[in-house]
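Enquirer: Once you've had a glance at the structure underneath, I'll fire off some questions.
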Amino acid sequence: MSDGNQTGQTAAAVRTPVGRPLLSLALTSMMDAVGAHSGAVYLRPGEEPVLQMAVTAGLPRSFSAPWERVGLNAPIPVAEAVRERRLVWVGGEEDMARRYPRIAVVLPYPFALAALPVATESRVYGAVYVTWPGSHPAELSEREREELTAGCDRLAVRLERTAAENRPLGVESDLMDAWSIGGTADTLGTVEAARMVARLPYGLCSLDLSGRVGFANTAAADLLGVPVRALLGAQLWAAVPWLNDPSYEERYRAALIGQAPVSFVALRPPKEWLSFRLYPSTTGISVRITRARNVSEPKPSPARPGDAPSRLVSMSQALSLAGALTETVTVQDVVGLVADEIAPTVGSQALALLGARAGRLRVLGHHGYPDPHTVERYEGMPLSTASPGAHAVAHGVPSFFSSRRQLEQLYPAERSSPDGLAAWAYLPLIASGRPVGACVLAYGRPREFSTHERAVLSSVAGLIAQALDRALLYDVKHQLAHGLQAALLPHTLPRLPGVRAAARYLPATRGMEIGGDFYDLVPSRPLAAAVIGDVQGHNVTAAGLMGQLRTAVRAYTTVGQEPAEVMRSTNRLLIDLGSDLFASCLYLRLDPARGRAVMARAGHPPPLLRRADGQVRVLDLAGGPLLGIDGSAAYPTTEVELAPGCVLALYTDGLIESPGVDIEDAVAGLGRRLGERGGRPLEELADDLVGPYAAAEERLDDVALLLLRAT
C-alpha cells in the first residue's frame, strides 16, 4: 500500500508543470512538513564548483548575503551536504560555533539548521537548508529527517526531468511570508482593533520580514518623534535617524532568526531613553515601545544627522571572510582560500596573487587561467614596467577594467599576452601601510564595476593583505627553521666497514617545526662512534644547543676519549654554557671487527637490539642523569654483542611517547615491529618504523631514528 502511494506521489511530482514556481513550492512544502521557519534552495550552475542561492523563504535574503554564492569547498553546511552527499545537522548555537565558526561570527543567534543535497544517483543539482528557532530540540527527529529527505528527493526528480527537456527554470521571487495569518478576522473587527490599539498608553508597530513598518499607532509616532505617514513602508531604523545604528538592527535580526522576544533600550536625543520589546513570528515582528526608567549603563551612540545608512550586509561579508582568512597559515593556504571561496563569491573566473621582492614582481599563486603562461610572465617583472599588476604593487592604487579594449588602451603591451578573459580588477594588498602584493581578479565577460562593488572588492583586498602578510612571514620563518635544521643534522651518513646505517628525522608539527633531536655517525679510527640525543624544546634555542652538543661529541670522539669520558665532557660543556635546558643522550663506540659495541647513556630511552634470528631485546643499560643537571655525574658503560646480521635501533622519545599510551607498551610495540620487519633493507625498515608518525597530521614531539646493522 505504501509502495503504491509513494509511486503515485513520485508520478505526481514528475507531472508538476515547469511554469509553476517549482523551487518555491518545494521549499515551503518541506518547511511546512517539519515546522521550520526559514530556508533556501541552492542550485549548481552547470559544472562550476559553486552553489548559487536560487530562492529563500521566511527571512530576508540579506541575512544570507555572505553565502549568496559559495564555493563547493567552503566550510558551510550546504557545501558540506553537497560534497559528502548527506544530511548535515547543526543542533544549536554552540554546535554552530564549534563546527562552523565563520557562520557563527556573522549569525551569533540561537537556531538549528539542517542542510541536504538535492541529488539523483547520477548528478547533484544543488542543496536545501531549513532552520528552526533555538527552542528546537538538539537532535533532529526521525520524522523530520524522513520528510526533508523525501522532499529533496522529489525536487531532484523534478529538476532531472526539467534538465532532460532542456527547459530552464524561471526566476522565482523569495517568499517572505511563508504562512498566512489565521484567526484574526474571526475574533476582532478591523475598526474595533484600530480603536483598541489607539487607546493603549504605549507605542505599537508592526514590521514585516524586511523590517518595513506596516502599522504604527499614534503613541508610537509620538514616542519616536516621527509622523505615522513617514514610518509606513520604511524600515524602522531608516525612518528614525537616531535608530540608525547597526546594534539596533542586530536586535531585529536576532529576533527573526531566533524566533524569541528581544529587548533593548535606545536614546532619543537629547536625553530620553525608550524601551523596545520585539515579538517575532514567521510573518514579521510586533514592536512595543515605552519610556525606559533607571537607565544607567552606556548605550550605543545614536547616529548623527547626515550619517550614511549602515550596510550590515557588507559588514557581514567582511566578518565572514575575515574569519576564513584567520584560518590560513601559509601563502598557498591564502591562495587556496581566495580561489575556493572569495573568487566564486565575487563571480571571478580566474585570480592571481602577486608579491614583490627586490623591486620585482613574484607570482605567489594563481588559479583558473586558461593559459598559465599569461600569469607566469609577471615573474621577475620590474615594478617600473608599464603593467597593471606592477602598477598596483608599486603605487598601491586599484585599477578596474570593464573590457579588454579598456585595458589595452591604457596598457598597449597587454595586447601581446591575451588570456581569454574580458574584465579585470587589480587590487593592491596593503598591510600596515605598505604594499605586500596585489590580487588580480579576472572575469570571463565584460562587466561594469559599480562604486559599491569597487568598495567591497577593496575591502576584501584589505583582508587578503593581512592574511598574506602573516603567511609570507610564516613561510620565511618556516624556510629559516628548516634550513637551520638541515645545516645542524648530517646530510648523509658515512659508509663504515662492517656497519650499514640509516636515519630518519621528523620535526614536531607545532611551533616552528624545528627541534633539539639529533643523531650522528663519526668515522674515527680505529673505531667508529654513533650518537643520538634530544635537547628540550622545539625552537631555535633547542636547535642551536643541539648543534653545539653534536659538534662537541664529534670533537671528543676525534681526540680519542672513551665513551664514559665523552659523556662527562659533554655534560660539563652543557653546564658551562649556562643554558637552563637539559638533554638526553646515548653514545656508542662501535667495533665491528670484534662484533662489540660499548655504550654510555644519559637519561635516554633504551636502544633495541634485533639479533639475526629475529629475536629483539631491550638494552636497559646502566647510565647517568640527563646532561646539564649535575656537573660531577658519572656515566657507566656497558659492552654488548654486535654480531653480523644484528640491528641496533637508536631513537628519541618522540617515537614512543603518545598521549594515553604507556611507555613500556610503546617500546614493546616498537620491538615487535623491529622483529617482524628487521630482515628488510635498512632504508625500508627505517621508513616502516617511522611510517605512522610521518603520516600523522600532528606530532607533539620530534622523532629521530638511527639504525645500525652489522655486516
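The values are calculated or read from the model by the stated rules, or taken from the named source; none is laboratory data. The model shown is predicted, which means the values in this text are computed figures rather than measured ones. With ideal geometry, Cβ positions are generated from the backbone for all residues, glycine too; neighbour counts draw on all protein chains shown. What goes into the accessible areas is simple: the full protein's heavy atoms, side chains included, and nothing from ligands, DNA or RNA. Shrake-Rupley method; radii C 1.70, N 1.55, O 1.52, S 1.80 Å.
Enquirer: Being open to solvent by less than 30 Å² (accessible area, probe 1.4 Å), assigned to a helix (DSSP H, G or I), among the small types (G, A, S) and without any contact (Cβ under 8 Å) to a residue 40 or more places away in the chain is the filter here; which residues of segment 207-251 pass it?
Expert: A221, A239
Enquirer: Additional query: Out of R611, R709, R672, I need the residue that is touching a Lys or Arg at 6+ places or on another chain (Cβ under 7 Å) and at pLDDT 90 or above. Which one?
Expert: R709
Enquirer: Restricting to segment 675-688, and then to whatever is at pLDDT 90 or above and in contact with a strand residue (DSSP E or B) (Cβ under 6 Å, 6 or more places away or on another chain), can you tell me which residue is nearest to L619 (Cα to Cα)?
Expert: Result: G675.
Enquirer: All but one of (1) in contact (Cβ under 8 Å) with a residue 60 or more places away in the chain; (2) more than 45 Å from the chain's Cα centre (by Cα); (3) not in a strand (DSSP E or B) hold for P606; which doesn't?
Expert: Only one criterion in (1) in contact (Cβ under 8 Å) with a residue 60 or more places away in the chain; (2) more than 45 Å from the chain's Cα centre (by Cα); (3) not in a strand (DSSP E or B) is unmet by P606, namely (2).
Enquirer: Kindly indicate whether R145 is open to solvent by 10 Å² or more (accessible area, probe 1.4 Å), out of contact with any helix residue (DSSP H, G or I) (no Cβ under 7 Å at 6 or more places or on another chain), touching a residue at least 40 places away in the same chain (Cβ under 8 Å) and not in a loop (DSSP other than H, G, I, E, B).
Expert: Taking the combined requirement at face value, the residue satisfies it.
Enquirer: What do you reckon, is L427 open to solvent by 60 Å² or more (accessible area, probe 1.4 Å), without any contact (Cβ under 8 Å) to a residue 40 or more places away in the chain and of a type outside the set (D, E)?
Expert: So L427 fails the test.
Enquirer: Further, regarding this structure: Consider only pairs whose beta carbons are under 6 Å apart and that are at least six residues apart or on different chains; among these, list those whose first residue lies in segment 252-279 and is at positive phi and outside any helix (DSSP H, G or I) and whose second residue is surrounded by 16 or more Cβ atoms within 10 Å (Cβ to Cβ) and modelled with pLDDT of 90 or more.
Expert: Q259/H37; Q259/P133; Q259/P280
Enquirer: Okay, moving on. Among the residues that make up segment 272-279, is at least one of them open to solvent by 30 Å² or more (accessible area, probe 1.4 Å), polar (S, T, N, Q) and within 22 Å of E93 (Cα to Cα)?
Expert: no
Enquirer: A further question follows. For segment 628-654, which residues satisfy the criterion of being among the charged types (D, E, K, R) and free of Cβ contacts under 8 Å to residues at least 60 places away in the same chain?
Expert: D630, E639, E641
So that you can scan it fast, the table gives a plain yes or no per residue for (1) within 24 Å of P133 (Cβ to Cβ); (2) modelled with pLDDT under 75:
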position: S286; (1), (2): yes, no
position: L312; (1), (2): yes, yes
position: L321; (1), (2): no, yes
position: V331; (1), (2): no, no
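Enquirer: For A104, state whether it is under 23 Å from T328 (Cα atoms), within 22 Å of the chain's Cα centre (by Cα) and not β-branched (V, I, T).
Expert: When the stated conditions are applied, A104 passes them.
Enquirer: Here are V436, V440, V460: which of them is touching an Asp or Glu at 6+ places or on another chain (Cβ under 8 Å), more than 30 Å from A542 (Cβ to Cβ) and among the aliphatic types (A, V, I, L, M)?
Expert: Testing whether each residue is touching an Asp or Glu at 6+ places or on another chain (Cβ under 8 Å), more than 30 Å from A542 (Cβ to Cβ) and among the aliphatic types (A, V, I, L, M) leaves just V436.
Enquirer: Do we find that A634 is modelled with pLDDT of 90 or more, among the aliphatic types (A, V, I, L, M), closer than 30 Å to A543 by Cβ and assigned to a loop (DSSP other than H, G, I, E, B) in this structure?
Expert: In short, yes.
Enquirer: Of the residues L472, L480, L410, L463, only one is of a type in the set (A, V, I, L, M), open to solvent by 30 Å² or more (accessible area, probe 1.4 Å), free of Cβ contacts under 8 Å to residues at least 24 places away in the same chain and under 23 Å from V329 (Cβ atoms); which?
Expert: Only one candidate passes the filter, namely L480.
Enquirer: So, P137, is that one modelled with pLDDT of 90 or more and within 19 Å of I257 (Cβ to Cβ) or not?
Expert: Answer is yes for this residue.
Enquirer: For segment 19-44, name all the residues that are among the polar types (S, T, N, Q) and part of a helix (DSSP H, G or I).
Expert: S24, T28, S29
Enquirer: If we keep just the residues of segment 20-44 that are open to solvent by 30 Å² or more (accessible area, probe 1.4 Å) and within 29 Å of the chain's Cα centre (by Cα), which is modelled with the highest pLDDT?
Expert: Applying the filter and picking the extreme gives L43.
Enquirer: I'd like the full set of residues that are over 30 Å from P446 (Cβ atoms) and out of contact with any Pro (no Cβ under 8 Å at 6 or more places or on another chain), limited to segment 320-375.
Expert: Once the filter is applied, which keeps residues that are over 30 Å from P446 (Cβ atoms) and out of contact with any Pro (no Cβ under 8 Å at 6 or more places or on another chain), segment 320-375 yields A322, T326, E327, T328, V329, T330, V331, Q332, D333, R357, A358.
Enquirer: Does segment 610-630 hold any residues that are open to solvent by less than 30 Å² (accessible area, probe 1.4 Å) and either closer than 14 Å to G671 by Cα or in a loop (DSSP other than H, G, I, E, B) (or both), and which are they?
Expert: Across segment 610-630, the qualifying residues are R610, G614, L619, L621, G628.
Enquirer: A further question follows. Listed residues G537, G560, G544; which is surrounded by fewer than 22 Cβ atoms within 10 Å (Cβ to Cβ), touching a strand residue (DSSP E or B) at 6+ places or on another chain (Cβ under 6 Å) and of a type outside the set (A, V, I, L, M)?
Expert: None of the others qualify; the one that does is G537.
Enquirer: While we're on this one: Return the pair list, or none, for Cβ contacts closer than 9 Å from residues in segment 614-627 that are within 14 Å of P563 (Cβ to Cβ) to residues that are of a type in the set (D, E, K, R) and part of a loop (DSSP other than H, G, I, E, B), at least 6 apart or on different chains.
Expert: Listed by first residue and then by second, the contacts come to G624/D630.
Enquirer: Looking at segment 347-367 only, could you name the residues that are open to solvent by 30 Å² or more (accessible area, probe 1.4 Å) and either farther than 22 Å from E414 by Cβ or touching a helix residue (DSSP H, G or I) at 6+ places or on another chain (Cβ under 7 Å) (or both)?
Expert: If the condition is that a residue be open to solvent by 30 Å² or more (accessible area, probe 1.4 Å) and either farther than 22 Å from E414 by Cβ or touching a helix residue (DSSP H, G or I) at 6+ places or on another chain (Cβ under 7 Å) (or both), then A356, R357, A358, V363, H366, H367 are the ones that fit.
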